[in-house]
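The values are calculated or read from the model by the stated rules, or taken from the named source; none is laboratory data. Everything numeric here is computed off the predicted structure, so don't read it as measured data. In this analysis, Cβ positions are derived from the backbone assuming ideal geometry, glycine residues included, and neighbour counts consider all displayed protein chains. All accessible areas refer to the heavy atoms of the entire protein, side chains included, with ligands and DNA or RNA removed. Shrake-Rupley method; radii C 1.70, N 1.55, O 1.52, S 1.80 Å.
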Amino acid sequence: MSRLGLSELHFIPPKHSVNTDYYINEILEKCCLPTFKRRKTSAPLTQRKICRKMSETIFMQDGAPAHTAIRTQKWLSEHLPGFWEKGVWPSNSPDLNPIENLWSIMQAELDKRKPATNLTQLGKYLENIWNGISPSILENLVDGMPSRINSCIKLNGEYIDK
């Protein structure tokens, strides 16, 4: 996700784990790169350009083993120069990352629906919710990041004024 748009949702197949190979080949190569190559500025959020300039874009990920693997870090440095290397993003800080707040919004929307009776129905629910995310939600989540960061810093006694 970015302030401007969303990637397509990617569903991990049942009984499959995300190891380094899967992450690089199925998520980064097939989902992430095409998302960064989009050029449309007025289209549904899952089809529009996700960043104005790659040189000003930060690609963030958490500390999952597939994300921090040496091969993944090498792949990212070759394909997404603005990625944050392993160790840059503070550990145990999901409240700072806008995507975590977007997952919470999606969960709240999912909770309003009749429970899914199978994975296909759940997938359709999630895609419907994802495709219904408004531009203002993305803008608010990303624009609120400095405030969330400063709140955390303030709690640790080192407030930074914008």
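Roll a 1.4 Å probe over the protein chains and send me the accessible area per residue for the chain in Å².
On a per-residue basis, the chain sits at 65 Å².
Rounded, prolate or oblate: pick one for the stretch 6-82, where a ≥ b ≥ c are the square roots of the eigenvalues of its C-alpha gyration tensor, a/c under 1.5 means rounded, and failing that, prolate if a/b is larger than b/c, else oblate.
The shape class here is oblate.
Looking at the chain, identify the longest residue range that excludes and avoids all GluC sites (Glu not before Pro) in DSSP loops having at most 10 other Cβ atoms within 10 Å.
Excluding the exposed sites themselves, the longest stretch runs over 1-84.
Could you tell me, in Å, what Rg and Dmax come out for the Cα atoms of the chain?
16.8, 49
Run the 1.4 Å probe and let me know the accessible area of residue 62, rounded to the nearest 10 Å².
80
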